[in-house]
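Okay, so here's the structure we're looking at.
Each value in this text was obtained by applying a stated rule to the coordinates, not by laboratory testing. Please read all numbers here as calculations on a predicted model, not as lab measurements. Ideal geometry is used to build each Cβ from the backbone, glycine not excepted, and the neighbour counts take in all protein chains shown.
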Amino acid sequence: MWDASPLLFALEATRELGERVAAKAGLPLAPHEERDFEDGEHKARPLASVRERDVYVLHSLYGDAGGSVNDKLCRLLFFVAALKDAAAARVTVMAPYLCYARKDRKTKPRDPVTSRYLGCLFEAVGSDCVVTLDVHNLAAFQNGFRCRTEHLEARGLFVEHFLSHAGSGDLVVVSPDEGGIKRAEAFRRAFARRLGRPVESGFMEKRRSGGVVSGERIVGDFENRAVIIVDDLIGTGGTLLRTARACRERGARKVMAAASHGLFVSNAAEALADPAFDQIVISNSVAPFRLRGTAAAAKLVELDIAPLLADCMLRLHQGRSIVELTDLPE
């Protein structure tokens, strides 16, 4: 079994990324069929034998015009189950953007812990491993899934990108809230190592109650410095905009933002078009279709995660460690 090459499937909603991953891995995409029925039901099945094969299924779980988050999740779960029924030896789900990861704890009485329920669903259909990229809460992801989990980080991609935009002046890496300080600090350390000079840090106060965000305090020295705001995802863009404006008001000469996942919902296009931003950098875990044709799109830079996903798949297939893909050396 393990001498055979892995099989990589990409469901239709993630086919473009799947083709790039397959090309980087030197493999063809395995063929499959997806059918929609008049009442909204659907089915998906492999068109190649998966018996005793090591199988990988790529599907990023975000809503778009082609289907809701729930529809995409349902398709993925049913396809994984079909692969196991067809005698696949191992099925690894590769979901660069993992839905419901933000609902990882009870914040109000009788709240659901939906990220844990998601883990139960993947286990129920027989998933052997779930791989994701820069999940919102790593501890909740690792503890909420009883099947094997692997976590990738786009930090290295962002470090390499910003090396060419650092210039010779002082730099500050900023977290837009206290909860993201560890993430921003990990990026700052890695960036400073590659840059070969000190990089300062800062963070913005943020409180949320009833959907209303407040908090105006910001920590850091921004006068005549270039700022990189680091977060895991961009939703409405409101949190980033608050932080960017606060940095500008305190003398920042340039403000850039980096986030692994660009959802760009609600009024994000308007928020990110604000002159407070010079550049917005994301990975292509989520297609930025909501920004197309907007002023914000001119500031957007997409970094390709296909090489990272391809390397991860080949390492897992060969039984090798993926530590090099998750942590940069100290």
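Provide the FRET efficiency to the nearest 0.05 for the residue 78-residue 295 pair, computing r from the beta carbons and using R0 = 35 Å. My answer for the efficiency is 0.30. Applied to region 179-192, the Karplus parametrisation 6.51 cos²θ - 1.76 cosθ + 1.60 on θ = phi - 60° returns per-residue 3J(HN,Hα) values of x, x, 4, 4, 5, 5, 5, 4, 5, 4, 5, 5, 5, 5 Hz, with x for Gly and Pro. Net charge in the neighbourhood of residue 287 (other residues with Cβ under 10 Å of its Cβ; Lys, Arg +1, Asp, Glu -1) is -1. Just how many % of Cα pairs in region 155-303 lie over 25 Å apart, if you round to the nearest whole percent? Across region 155-303, Cα pairs with separations above 25 Å total 21 percent. Each residue, residue 111 and residue 146, gets one label point 7 Å from its Cα in the Cβ direction; the gap between the two is 2.5 nm. For region 155-303, the antiparallel share of DSSP beta bridges with both residues in that region comes to about 15%.
In summary, the lysines within cross-link reach of residue 108, defined as a Cα separation below 23 angstrom excluding same-chain residues under 8 places away, comprise 206. The gain in end-to-end length when the residue 51 to residue 121 segment is fully stretched comes to 22.9 nm, 0.36 nm per residue minus the alpha carbon separation.
Amide H to amide H distances under 5 Å link residue 173 with 200, 201, 202, 228, where only residues 5 or more positions off or on other chains count and H is placed in the peptide plane. Apply the Kirkwood formula to the chain: the hydrodynamic radius equals the inverse of the mean of 1/r over all pairs of different alpha-carbon atoms; give it in Å with one decimal. When all Cα pairs of the chain are included, the Kirkwood radius is 20.8 Å. Looking at 275, 161, 234, which one has the Cα that reaches farthest to the positive end of the dipole of region 155-303 (charges on Cβ: Lys, Arg +1; Asp, Glu -1)? Farthest towards the positive pole: 161. Note on the chain: helix-only mean residue ellipticity at 222 nm, from DSSP H runs of 4+ residues weighted -39500 (n - 2.57) and normalised by residue number, equals -9500 deg cm²/dmol.
Magnitude of the charge dipole for the chain, about its Cα centre and with charges confined to Cβ atoms of Lys, Arg (+1) and Asp, Glu (-1), is about 740 debye.
Among 163-169, 151-157, how do they line up by average Cβ neighbours within 10 Å per residue, starting with the highest?
By packing density, highest mean first, the sequence is 151-157, 163-169.
Modelled this way, with points 7 Å down the Cα-to-C-beta line, the labels at residue 35 and residue 278 are 5.6 nm from one another. For residue 223 and residue 42, a Förster radius of 51 Å and the Cβ-Cβ distance give a FRET efficiency of 0.35, rounded to the nearest 0.05.
In a simple Cβ point-charge model (Lys, Arg +1; Asp, Glu -1; nothing else charged), region 105-249 has a dipole of about 380 debye relative to its Cα centre.
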